[in-house]
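One structure, pasted below without further comment.
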Amino acid sequence: GAAAVMPLGAPIGSNRGLRTKELIRILIEEIPLPIIVDAGIGRPSEAAEAMEMGAAAVLVNTAIATAGDPVAMGRAFGLAVEAGRAAHLAGPGEVQQYARASSPLTGFLRDENLTAS
């Protein structure tokens, strides 16, 4: 058996991002193995998105190797991966089809303790 599944985000070396997002989402939901997004990720935000989806890791080479400042880009990818993983663990709210109020609809503005005397 496999120890991990490594789907491509996009063609190798393309920096085109998560073109296979739905496939990656299905793999994460259906396969009880680590999903490591390999190839195609071009921006730190795309790495963060893969991690938010629940990927175990991302492999990044071309985006860092071809950056104007590879060291700074590597640092940016590291921060993005950390942020994406933290967001995944925090459990983002459900995506809603329509607008829905998320602020409390109670009378807290009329509370006696908050009104000026």
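The values are calculated or read from the model by the stated rules, or taken from the named source; none is laboratory data. Source: prediction; values computed, not measured. Cβ placement follows ideal geometry from the backbone for every residue including glycine, while neighbour counts extend to all protein chains displayed. The area values use the complete protein model at the heavy-atom level, side chains included, leaving out ligands, DNA and RNA. Shrake-Rupley method; radii C 1.70, N 1.55, O 1.52, S 1.80 Å.
Identify the residue in segment 40-70 that is under 19 Å from Ala4 (Cβ atoms) and in a loop (DSSP other than H, G, I, E, B) and, among all such residues, is modelled with the lowest pLDDT.
Only one residue fits best here, namely Gly40.
Does segment 3-30 hold any residues that are among the β-branched types (Val, Ile, Thr), surrounded by 13 or more Cβ atoms within 10 Å (Cβ to Cβ) and within 14 Å of Ala63 (Cβ to Cβ), and which are they?
none
Answer yes or no as to whether Met73 is open to solvent by 30 Å² or more (accessible area, probe 1.4 Å) and modelled with pLDDT under 95.
no
Which of the residues spanning segment 46-70 are among the polar types (S, T, N, Q) and open to solvent by less than 60 Å² (accessible area, probe 1.4 Å)?
Result: Thr62, single match.
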